[in-house]
Amino acid sequence: MQPIIRTLEGINRLNKALFLEINATPATHPWCIDIGLFIAVYAIYLIPVLLVAMWLWGDAKTRNAAAKAFFVAMGGLAVSYLIGFIWFEPRPFVLKIGHTYLMHAPDSSFPSDHVTIFSAICLTLLTSGIARLCLATLLVGIGVSWARIFVGVHYPVDMIGSLAVAGCSLVVVTPIWKKAGGAIVQFGEKIYRRILFPFISFGRCRP
């Protein structure tokens, strides 16, 4: 038991040391902090834009991946919420560690909801063979991971936890999707074609 405790303590020390290395300080240029804040707050909105674009203009494979990615992300968020409910990890600013530049509720730090979503989308695109969008999502996700630590609302280990949570969600959703995914996509397409029929008829969206 003692070796496990020492290992966990070592990980905790390393986690906080890495956080302090990445976290902005009063000496950091204001424009760097502004960039970090912008990425930390607004980059997440690229995800719904991406999924909607994949659905509106993608082929059958891309549309299926978009729908599956949505459910993987929602599953990841559910697991993230459950972890935060069972095991509360105070955010850095709650423990007065480092510097905070983003107002945030003092809820559980582990894992990061933002990075869970990016990881879920990225892993789904990767396993669906959509490499370019996967790479783009990965790069933005890395930027978000850095930014959330940089502005003081997350630790590095939160990001690793987010990746693990997203991976678990993908493992659970994939066999279910193989059985029910086709029917879910067909149902979504029926609603989509009724609502956006004018745009589809003029060739603005894929049927």
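The values are calculated or read from the model by the stated rules, or taken from the named source; none is laboratory data. Everything numeric in this text was worked out from a predicted model, so none of it was measured. With ideal geometry, Cβ positions are generated from the backbone for all residues, glycine too; neighbour counts draw on all protein chains shown. The area values use the complete protein model at the heavy-atom level, side chains included, leaving out ligands, DNA and RNA. Shrake-Rupley method; radii C 1.70, N 1.55, O 1.52, S 1.80 Å.
Relative to the current alpha-carbon distance between residue 5 and residue 53, full extension at 0.36 nm per residue lengthens the span by 12.6 nm.
With the highest mean first, a sort of the peptides 183-192, 77-86, 34-43, 150-159 on other beta-carbon atoms found within 10 angstrom per residue produces 150-159, 34-43, 77-86, 183-192. Structure remark: mean-square fluctuation, Gaussian network model of the chain, C-alpha springs under 10 Å; the largest value among 103, 74, 54 belongs to 103. Compared with the direct C-alpha span, the chain from residue 32 to residue 45 gains 2.6 nm at full extension, assuming 0.36 nm per residue.
Placing R0 at 41 angstrom, the Cβ-Cβ distance between residue 20 and residue 61 gives a FRET efficiency of 0.40 after rounding to 0.05. What is the Cα centroid distance between the range 57-122 and the range 144-191, reported in whole angstrom? The two parts, judged by their Cα centres, are 8 Å apart.
Under Stokes-Einstein, with the Kirkwood radius over Cα pairs as Rh, the value for the range 5-88 at 10 °C and 1.306 mPa s is 96 µm²/s.
A Förster radius of 45 Å, combined with the Cβ-Cβ distance separating residue 204 from residue 86, puts the computed FRET efficiency at roughly 0.45. Here the range 85-181 has 75 percent of its accessible surface on carbon and sulfur atoms, given a 1.4 Å probe and all protein chains in place.
Computed over Cα pairs, the Kirkwood radius of the chain leads via Stokes-Einstein (1.002 mPa s, 20 °C) to a diffusion coefficient of 116 µm² per second. Remark: relative contact order (the chain) = 28 percent; criterion is Cα-Cα distance under 8 angstrom and separation of 6 or more residues. Note on the range 81-168: semi-axes of the ellipsoid equivalent to its C-alpha gyration tensor, largest first and rounded to whole Å, are 25, 15, 8.
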